[in-house]
1. Is it true that some residue in region 18-26 is buried (at least 16 other Cβ atoms within 10 Å of the Cβ) and among the small types (Gly, Ala, Ser)?
2. Return the total of residues in region 14-50 being under 18 Å from Gly89 (Cβ atoms) and charged (D, E, K, R).
3. Cβ-Cβ under 8 Å, sequence separation 6+ or interchain: first residue in region 51-65 and under 24 Å from His92 (Cα atoms) and without any contact (Cβ under 8 Å) to a residue 24 or more places away in the chain, partner of a type in the set (S, T, N, Q) and part of a strand (DSSP E or B). Which pairs?
4. Which members of region 1-34 meet the condition of being assigned to a helix (DSSP H, G or I) and in contact (Cβ under 8 Å) with a residue 12 or more places away in the chain?
5. What's the number of the only condition in (1) buried (at least 16 other Cβ atoms within 10 Å of the Cβ); (2) in a strand (DSSP E or B); (3) not acidic (Asp, Glu) that Ala49 fails to meet?
Amino acid sequence: MKKFLVLYYATSASFEQMMKSTPEQQKAGMDAWMSWGSKAASAIVDMGAPLGKSLRVTPAGAKPVANELGGYSILQGESKEAVAEMLKGHPHFMTPDGYIEVIEVMSVPGM
């Protein structure tokens, strides 16, 4: 099986809106994630987590930057398309402008 980095994106306005949700809405969201996690359990290598703010590091130094990346998971599957099929109906799509990217984790020869 191949490994894939799954990245969850949405606008900062969407993430801010989610942070303002009620405890009941937060519980419903977590229940949806846990339900999806149960269905995809055999493919989950690392359920992942939400991600904090970014710091871009260059030879000139480090500075905060904004991006739309909100979280990650690591899944395994035969192909990107197979992983995409597992992501149909994913709870991240409850975010109005949310989208997901699937990136194959390539092996490094000799490691």
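1. There is no residue in region 18-26 that is buried (at least 16 other Cβ atoms within 10 Å of the Cβ) and among the small types (Gly, Ala, Ser).
2. 2
3. Between residues of region 51-65 that are under 24 Å from His92 (Cα atoms) and without any contact (Cβ under 8 Å) to a residue 24 or more places away in the chain and residues that are of a type in the set (S, T, N, Q) and part of a strand (DSSP E or B), the close pairs are Val65/Ser54.
4. Ser12, Ser14, Phe15, Met18, Gly29, Ala32, Trp33
5. Result: Ala49 passes all but (1).
Each value in this text was obtained by applying a stated rule to the coordinates, not by laboratory testing. What you see is a predicted model; the values in this text were computed from it and never measured. In this analysis, Cβ positions are derived from the backbone assuming ideal geometry, glycine residues included, and neighbour counts consider all displayed protein chains.
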